[in-house]
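Peer 1: Let me give you the structure first, and then I'll get to my questions.
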Amino acid sequence: MTKDTPPVHIVGAGMAGSEAAWQLAQAGCPVVLHEMRPLVKTDAHHTDGFAELVCSNSFRSDDYELNAVGLLHEEMRRAGSIMMEAAEVARVPAGGALAVDRDIFSDYVTKKLTAHPLITVERGEVDGIPPAEWDNVIIATGPLTSDKLGKAISNLTGADELAFFDAIAPIVYRDSIDMSVCWFQSRYDKESAGASGPAGAGKDYINCPMTREQYDAFIEALLAGEKTEFKDWEKSTPYFDGCLPIEVMAERGHETLRFGPMKPVGLTNPHAPDVKPYAIVQLRQDNALGTLYNMVGFQTKLKHGEQTRIFRTIPGLENAEFARLGGLHRNTFINSPNLLDGVMRLKNDPRLRFAGQITGVEGYVESGAMGLLAGRFAAAERQGRAVTPPPRTTALGALLAHITGDANAATFQPMNVNFGLFPEPEVPRDENGKRPRGKAKAPARKRAYTSRALRDLEGWLTPQAEAAE
């Protein structure tokens with residue numbers, strides 16, 4: 001690269017934007033990093049530092065052998081992540097989790113980026129779609145994207161493709177659902193729009209039946225369950241009728257859910273064909289692999305422990321394992337499966353690349369990971385190299401594939417990294433040719449995911465490093 005090489009512009013210096021800037025600069029590409037704070041403030045940030053953590057100081061589990069987010073940590077470390085470097089400097093005791101001192105973390109990232117000779121920081125709001133002369137742009141403005149830029153993105157992508165309020169329903173691992181109780185069927189055997197479920201046309205939903213007694217107890221538990229409160233800066237955002245929390249619907253009347261998402265019409269339980277269920281909970285396939293199922297209409301403000309307790313009273317979900325629990329909060333994210341190509345560029349304006357939480361990933365680490373990929377992709381473009389996504393068997397690749405095509409665009413909601421996003425691994429057999437069973441089965445399966453991921457990541461990183469030299 002030369003001094004005349006045009007810079008890559010990055011809008012937003014949060015987790016994703018800061019990581020993208022670092023990856024680009026370390027690859028030898030000049031960067032202009034645009035951050036509106038402190039000239040334009042948000043309702044949640046308290047400083048003008050980069051990568052400020054506003055909700056939590058935890059990056060969750062750091063176990064890269066048995067945990068998907070721990071695996072993502074390790075992949076990012078091996079890819080030269082500034083976030084992981086800062087986390088080690090700012091680390092505080094947290095058992096098996098990776099937690100940091102927020103001020104030390106942000107201060108480290110800010111100093112490293114502002115001191116880098118290839119990074120120029122410009123303070124001020126980017127209040128519209130970047131000008132045409134910015135030929136390579138990463139938009140990483142996060143959940144608190146400014147109103148002006150948010151409206152510009154909405155106008156560019158279509159009003160229906162941008163969400164300003166995040167209504168999240170729980171997602172259950174398919175293999176934890178008891179199919180001796182539940183069954184596959186669409187109401188009136190109609191096939192839903194888009195790809196049908198693994199059971200075939202007209203069987204796109206998993207159905208969990210309830211008796212009247214079970215339904216009554218469920219409603220009572222919903223009403224009594226402990227709820228989370230909106231943050232001050234979320235309270236002005238109203239509910240939408242299309243995404244009311246289930247407990248709010250239950251407050252409107254004991255039978256409301258039976259005439260809403262839990263209506264039992266058009267379905268017949270093959271396990272008890274002569275018994276009509278009083279209510280039914282439906283789960284819809286949530287990813288192309290068929291490993292994750294979304295609880296239809298179950299967005300909620302129940303606290304996470306309450307969700308697990310109450311939802312496991314639903315017949316067939318007694319042993320449910322959740323890839324994601326529900327929530328409702330202010331957010332800004334685009335419908336990435338509809339809008340982005342496989343390397344995170346906007347399909348109708350490929351000079352614009354999106355990264356971080358605005359792409360529909362959930363969590364600090366996931367946001368940083370998408371910034372890491374966006375920075376690497378933009379650097380490859382600027383240097384005339386092939387832009388190659390990481391293998392889908394890696395945590396980076398699985399998360400990228402989810403937001404750029406694997407997720408169901410019609411029900412797309414922010415997602416943390418989890419093993420349900422990965423292709424199934426081959427679990428090694430023992431010396432007798434047998435696969436692990438009982439308590440040994442789950443950890444063996446997780447190690448199969450993680451060992452494969454790190455092996456495949458190395459195969460991706462090595463040629464990338466050689467090409468950049």
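The values are calculated or read from the model by the stated rules, or taken from the named source; none is laboratory data. Quick caveat, the model's predicted, so the values are computed rather than measured. In this analysis, Cβ positions are derived from the backbone assuming ideal geometry, glycine residues included, and neighbour counts consider all displayed protein chains. For accessibility, only protein heavy atoms count, side chains too; no ligands or nucleic acids. Shrake-Rupley method; radii C 1.70, N 1.55, O 1.52, S 1.80 Å.
Peer 1: Restricting attention to the stretch 1-16, and to residues there that are open to solvent by less than 30 Å² (accessible area, probe 1.4 Å) and in a loop (DSSP other than H, G, I, E, B), which single residue is modelled with the lowest pLDDT?
Peer 2: Filtering the stretch 1-16 for residues that are open to solvent by less than 30 Å² (accessible area, probe 1.4 Å) and in a loop (DSSP other than H, G, I, E, B), the one modelled with the lowest pLDDT comes out as Thr5.
Peer 1: Does Thr256 satisfy the condition of being touching a Gly at 6+ places or on another chain (Cβ under 7 Å) and surrounded by 16 or more Cβ atoms within 10 Å (Cβ to Cβ)?
Peer 2: When the stated conditions are applied, Thr256 does not pass them.
Peer 1: For the stretch 259-280, check the following and say yes or no: at least one residue is under 33 Å from the mean Cα position of the chain (by Cα), assigned to a helix (DSSP H, G or I) and at pLDDT below 95.
Peer 2: Within the stretch 259-280 (the criterion being under 33 Å from the mean Cα position of the chain (by Cα), assigned to a helix (DSSP H, G or I) and at pLDDT below 95), the answer is yes, since at least one residue qualifies.
Peer 1: Please determine, by comparing only the residues of the stretch 79-116 that are under 14 Å from Gly368 (Cβ atoms) and polar (S, T, N, Q), which one is nearest to the chain's Cα centre (by Cα).
Peer 2: Ser81
Peer 1: Which one of Arg376, Arg385 is outside any helix (DSSP H, G or I), open to solvent by 10 Å² or more (accessible area, probe 1.4 Å), among the charged types (D, E, K, R) and closer than 28 Å to Leu118 by Cα?
Peer 2: Being outside any helix (DSSP H, G or I), open to solvent by 10 Å² or more (accessible area, probe 1.4 Å), among the charged types (D, E, K, R) and closer than 28 Å to Leu118 by Cα holds for just one of Arg376, Arg385, which is Arg385.
Peer 1: Please pick out the residue among Glu35, Glu65 that is of a type in the set (D, E, K, R), at pLDDT 90 or above and open to solvent by less than 30 Å² (accessible area, probe 1.4 Å).
Peer 2: Criteria check complete, one pass: Glu35.
Peer 1: Tell me, which strands (runs of 3 or more DSSP E) lie completely within the stretch 17-127 with 3 or more residues that are among the hydroxyl-bearing types (Ser, Thr, Tyr) and free of Cβ contacts under 8 Å to residues at least 40 places away in the same chain?
Peer 2: Ranges flagged: none.
Peer 1: Also, I was wondering about something else. Which residue, of Thr308, Thr359, Thr313, is under 18 Å from the mean Cα position of the chain (by Cα), among the hydroxyl-bearing types (Ser, Thr, Tyr) and either surrounded by fewer than 21 Cβ atoms within 10 Å (Cβ to Cβ) or closer than 24 Å to Gly158 by Cβ (or both)?
Peer 2: Working: Thr308 fails: under 18 Å from the mean Cα position of the chain (by Cα); Thr313 fails: under 18 Å from the mean Cα position of the chain (by Cα).
Matching residue, one of Thr308, Thr359, Thr313: Thr359.
Peer 1: Working only within the stretch 409-427, note down all residues that are in contact with a Pro (Cβ under 8 Å, 6 or more places away or on another chain) and either surrounded by 19 or more Cβ atoms within 10 Å (Cβ to Cβ) or under 18 Å from Leu372 (Cα atoms) (or both).
Peer 2: Matches in the stretch 409-427: Phe412 only.
Peer 1: On to the next question. Which of the residues that make up the stretch 390-404 are in a helix (DSSP H, G or I) and either open to solvent by 10 Å² or more (accessible area, probe 1.4 Å) or acidic (Asp, Glu) (or both)?
Peer 2: The answer is Ala401, Thr404.
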